[in-house]
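Undergrad: For reference, the structure I am asking about is given below.
None of the figures in this text is laboratory data; all of them are computed from the coordinates on show. No experiment lies behind these values; they were computed from the predicted model shown. All Cβ positions, glycine included, derive from the backbone under ideal geometry; neighbour counts span all protein chains shown.
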Amino acid sequence: MTCSHTKTIKDVVPRTPGGCEECLKMGDEWVHLRLCLSCGHVGCCDNSKNRHATKHFHATQHPIIRSAQPGEDWRWCYVDEVML
Ligand SMILES: [Zn+2]
Ligand SMILES: [Zn+2]
Ligand SMILES: [Zn+2]
């Protein structure tokens, strides 16, 4: 299984380096952070109760995120469901 979306990866700057964009607005908490590699949106992971990274994909169809956790450098394509 390969990913056909790697060309969509941009050299993004996190829009909200301090945490999940929506959780910060709501005053809510998250577990881990994911960075959208199309637009720089920072969202919380699927172990967080709000799952904003996945919601961002469903809202925008931006296919690829990477972990925003220090020391982690994996990427994930939501469309192909494959690690990059
Ligand atoms: Zn893909
Ligand atoms: Zn969140
Ligand atoms: Zn995005």
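Undergrad: Using the Karplus curve 6.51 cos²θ - 1.76 cosθ + 1.60 with θ = phi - 60°, work out ³J(HN,Hα) for each residue of the range 17-27 in order, rounded to whole Hz, and write x for Gly and Pro.
TA: My calculation for the range 17-27 gives x, x, x, 5, 4, 6, 5, 4, 5, 7, x Hz in order.
Undergrad: Given R₀ = 25 Å, what would the calculated FRET efficiency be for MET83 paired with ASP11, taking r from the Cβ atoms and rounding to 0.05?
TA: On the way: r = 20 Å, r/R0 = 0.81.
Calculated transfer efficiency: 0.80.
Undergrad: Do any chymotrypsin sites (Phe, Trp or Tyr not before Pro) in the range 12-84 lie in a DSSP loop with no more than 13 other beta carbon atoms within 10 Å, and if so, which?
TA: Details: sites: TRP30, PHE57, TRP74, TRP76, TYR78; in loops: TRP30, TRP74, TYR78.
Sparse-neighbourhood loop chymotrypsin sites (Phe, Trp or Tyr not before Pro): TRP74.
Undergrad: So which GluC sites (Glu not before Pro) in the range 1-70 are both in a DSSP loop and have at most 16 other Cβ atoms within 10 Å of their Cβ? Mind showing how you got there, number by number?
TA: Values: sites: GLU21, GLU22, GLU29; in loops: GLU29.
When the GluC sites (Glu not before Pro) of the range 1-70 are filtered for loop state and at most 16 Cβ neighbours within 10 Å, GLU29 remain.
Undergrad: Right, here's the next one. Every cysteine in the chain with no other Cys Cβ under 4.7 Å from its Cβ, please list them in numeric order.
TA: Among the cysteines of the chain, those whose Cβ sits 4.7 Å or more from every other are CYS36, CYS39, CYS45.
Undergrad: Something else about it: Where does the charge balance sit around LEU37 when Lys and Arg score +1, Asp and Glu -1, over other residues with C-beta under 13 Å from its C-beta? Intermediate results must be reported in sequence, preceding the final value.
TA: On the way: positive: LYS7, LYS10, ARG15, ARG34, ARG66, ARG75; negative: ASP11, ASP73.
Local net charge: +4.
Undergrad: Using 0.36 nm per residue of separation minus the Cα-Cα distance, give me the extension gain between MET26 and ASP73 in nm, one decimal. Write down the numbers at each step before the final one.
TA: Working: separation 47, 0.36 × 47 = 16.92 nm, distance 2.75 nm.
Once the chain is fully extended between MET26 and ASP73, it gains 14.2 nm.
Undergrad: Once R0 is set to 22 Å, what does the formula 1/(1 + (r/R0)^6) return for the Cβ-Cβ distance between LYS55 and THR2, expressed as a FRET efficiency to the nearest 0.05?
TA: Numbers: r = 26 Å, r/R0 = 1.17.
In this case the efficiency is close to 0.30.
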